[in-house]
Structures are given as structure tokens and as C-alpha cells.
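The values are calculated or read from the model by the stated rules, or taken from the named source; none is laboratory data. Predicted, not measured: the structure shown is a model, and the values here were computed from it. Counting neighbours? That spans all protein chains shown, and the Cβs are built from the backbone with ideal geometry, glycine included. Keep in mind that these areas ignore ligands, DNA and RNA; they rest on the heavy atoms of the full protein, side chains included. Shrake-Rupley method; radii C 1.70, N 1.55, O 1.52, S 1.80 Å.
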Amino acid sequence: MILIISKNQETTTNEVIKWLLSMDKKFIRVHEDEFFEIKVQQKRLYIESYRNKFFLDEISSVWYRRGGIKFKRLQYNNPSVDAHMAEHQHWLEDYVIKTLESKKHINKQSTSHVNKLHVLEEAKKVGLAVPEYFLADNTGDVLLNSTITKPITGNIMIDAFDNYQDSIMYTTVIGEKEQDTFFISFFQEKIEKDFEIRSFYLNGETYSTAIFSQNDAQTRTDFRKYNLEKPNRNVRYNLPKAIVEKLKRLMQSLDLNCGSVDFIKSGEKYYFLEVNTVGQFLGVSTICNYSAEKAIAEYL
Amino acid sequence: MKQYIKEKHKLPLTFKFAEEFKAKNADKNGGNIPYAKCEKYQSDFLMLVKPFKSLVRML
């Protein structure tokens, strides 16, 4: 039985499931709103939510896509008992998660949320070229028109509030100095690119797409500012073996076996930008006929 | 953002460049895609119609 940890509304998960169904593989899908109780029956642990119930030893492989396995925690009246029972429950939960993560898996709940700053440091350690970057609360050291800023968060969206619509924080080139200080922000050298490369990585294999975003003012700095009237040209691309080997070492050091990785090609150099473990890959997979979703289903 | 956000603490510079997108691109991105509940896929959000995907020029 395959365990899929995802969300109720998640198109990529549906596309992988389409392949699982065609391969006649059985699966359990966990949604983001499920809280599990840990129970035992004849020495076998199982977990149960309002819509799922399964023994841990039934699970043969796990795909961590989004969300996570969450647990119902009991609270106790006496503070001392509550403190002890909090730890007791913590270790049971930890055992469940570690047991599931010890199975054949694609990414893990415990390591899937990566710190962008840490990833850049690890990328440099394995020898990947990384554009110079720094953190600052002012623009004193910012070279105008050759420095970008972008969020250090995984989620670059701001949900609608008050009079604001849903917003997205694209990578932006800094064109003017700020008078005031601001909350610590991430700045990075802007690289003049020949094109961008998005690589879907799965167990050492890369499925790369060259994205020709540099000739369109709208997509030049961030290709996700999609030009729907005249889309960027996307074509299959083979990363050099040396870059793929470095990427493998990076993914191993981050304890990841799946992710979408962004590079910039500039002259002879391949600059590493970031790895997104929960990123969308269906678009490039479809355009380049990679069937990455089939590769996931086959592995599980 | 076009309007100034009032907050008690300072915000990262990325907020200054955040762009509202939903209203502007909802139709083009297929914002009104119909979904169905589907036991087979164990989801309440199986897309009934796939969003419009532009043809992409090849080399």
C-alpha cells in the first residue's frame, strides 16, 4: 500500500494518482485537515483519522507531497502530568513519522521544508556556482540595477486581506535606494542570463527544461510572471554531467530525493538559484513530454 | 504593493514589490475551473476541465 501525504486540492497529486490507477497500485491519500490518533491492535500500531485508518506495517512506500501527518494531542489537568504526557505522546508520534520515513519514499515530512539560506551554503560546499548574496536591513550595500531581492520563504504568496487581492512576491531588481531601514531582506547579485533551467530531480535523475525568458521584459527577471499572450519558449535540456553530479551531492546533503531545481545559464556558467521540494513540475513535464508524474508513480 | 500596508513592525523589502494577481489573471489562468468529488482519486477537487495551456514554440 502506498501512502500519499498531500492536500485535498492538489492537481499534481491527482496526475500521479491517474498513473497509479493505471498501474493498479493501491494507495491511501492523506489530506491537510486530518488529525490522527495512534492506536494499537495485537501489538500492531495503526493510525486513524476521520477519513483514514491504516496499520504502519501495511505501508510499503510513502510520497510526501504537501501538508503532513498531524496528530491529536491529549491534554491533562495536572501540569506535571501534562508535561510528562506531552513528551510521551511526542515520542509515539516521532516513532510513527520515523517508521513511515524509513520506508521506500519520495521526500520526507521531516526534511522537505528547506531553508533557502542553508541550501545556498550547501550548494557552495558541493561546488555549484551561486550568485553572491547577503542579508541587510538597508540598501547601503546594494548595487542598483544589478541586485535582486526575493523572499526567503517557501511560500511567495500573500493571501488577500482588507482591500488587497492575493499577491505574489516575484524576484525584483532593485532600481533605487531606500531612505528607511526595513525588516532583514535577502539580496543577490543579478546574473545576466542566456536562459533559465528548471530541473525536476528524482532519485539522481534530472528532467531539465530550458526556459527562454530573457527576451521578454515581463519574464526577464522572473519567468513566473508568465506572459500568457506570448509564452516563453521551453525546450528539453541536458545539464552537463558535472552539474548533475554536484546536484546529486547537494540533494543528498539536504536529505531530499525529489525537487524542482532552478539554474541560470550565463556564458559557460550554471548558477544555482534554489530547490523547491513542493514545486509545480506538471507544466514543464507536459511541455517537454517528460511524464515526471509517471516516474513518481513507477517508483512508489 | 500599490497601497501602503500599515503594520506595527517593519516588513522585508519584498512587500514593496508584491503584485496583486488573482483578479487580473483569474480568467486566463482558468480561475473558474469546475471540480468534482471523486472517491477513486480520494479528492474533492478533481479537475473536470484542464486549464488552457498555450502551445509553445519549439526550437
Could you check the stretch A:142-177 and list, in sequence order, the residues that are more than 7 Å from every other protein chain (Cβ to nearest Cβ), closer than 29 Å to A:Thr111 by Cβ and of a type in the set (Ser, Thr, Tyr)? A:Thr153, A:Thr171
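Being out of contact with any Ser or Thr (no Cβ under 8 Å at 6 or more places or on another chain), within 14 Å of chain B (Cβ to nearest Cβ), in contact (Cβ under 8 Å) with a residue 12 or more places away in the chain and under 27 Å from A:Lys248 (Cα atoms) is true for just one of A:Leu128, A:Leu117. Which residue is that?
Details: A:Leu128 fails: within 14 Å of chain B (Cβ to nearest Cβ).
Only one candidate qualifies: A:Leu117.
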Do you know which residues across the stretch A:44-78 are open to solvent by 20 Å² or more (accessible area, probe 1.4 Å) and aliphatic (A, V, I, L, M)? A:Leu45, A:Leu74
So in the stretch A:212-261, with the set limited to residues that are in contact with a Leu (Cβ under 7 Å, 6 or more places away or on another chain) and farther than 18 Å from A:Ala292 by Cβ, which one is farthest from the other protein chains (Cβ to nearest Cβ)? A:Lys246
Looking only at the stretch A:245-300, which residues are under 27 Å from A:Arg220 (Cα atoms), open to solvent by 40 Å² or more (accessible area, probe 1.4 Å), touching a residue at least 60 places away in the same chain (Cβ under 8 Å) and in a helix (DSSP H, G or I)? A:Lys246, A:Ile287
Output the residues belonging to the stretch A:222-250 that are in contact with a strand residue (DSSP E or B) (Cβ under 6 Å, 6 or more places away or on another chain) and either at pLDDT 90 or above or among the aromatic types (Phe, Trp, Tyr) (or both). A:Phe223, A:Tyr237, A:Leu239, A:Ile243, A:Val244
Do we have any residue at all in the stretch A:189-198 that's charged (D, E, K, R), touching a residue at least 60 places away in the same chain (Cβ under 8 Å), touching a Phe, Trp or Tyr at 6+ places or on another chain (Cβ under 7 Å) and buried (at least 19 other Cβ atoms within 10 Å of the Cβ)? yes
Among the numbered criteria (1) open to solvent by less than 30 Å² (accessible area, probe 1.4 Å); (2) over 20 Å from the mean Cα position of the chain (by Cα); (3) closer than 20 Å to B:Lys40 by Cβ, which one does A:Val30 miss? (2)
Unmet requirement for A:Thr209, which otherwise passes all of (1) at pLDDT 90 or above; (2) in a loop (DSSP other than H, G, I, E, B); (3) within 14 Å of chain B (Cβ to nearest Cβ): (2)
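Across the stretch A:178-206, what is the number of residues that are among the hydrophobic types (A, V, I, L, M, F, W, C), more than 12 Å from chain B (Cβ to nearest Cβ) and farther than 18 Å from A:Leu282 by Cα? Give the derivation first.
Taking the stretch A:178-206 first, the residues among the hydrophobic types (A, V, I, L, M, F, W, C) are A:182-184, A:186-187, A:191, A:195, A:197, A:200, A:202.
In the following step, the residues that additionally are more than 12 Å from chain B (Cβ to nearest Cβ) were identified as A:191, A:197, A:200, A:202.
This time we only want the ones that are farther than 18 Å from A:Leu282 by Cα, so: A:191.
Looking only at that region, the number is 1.
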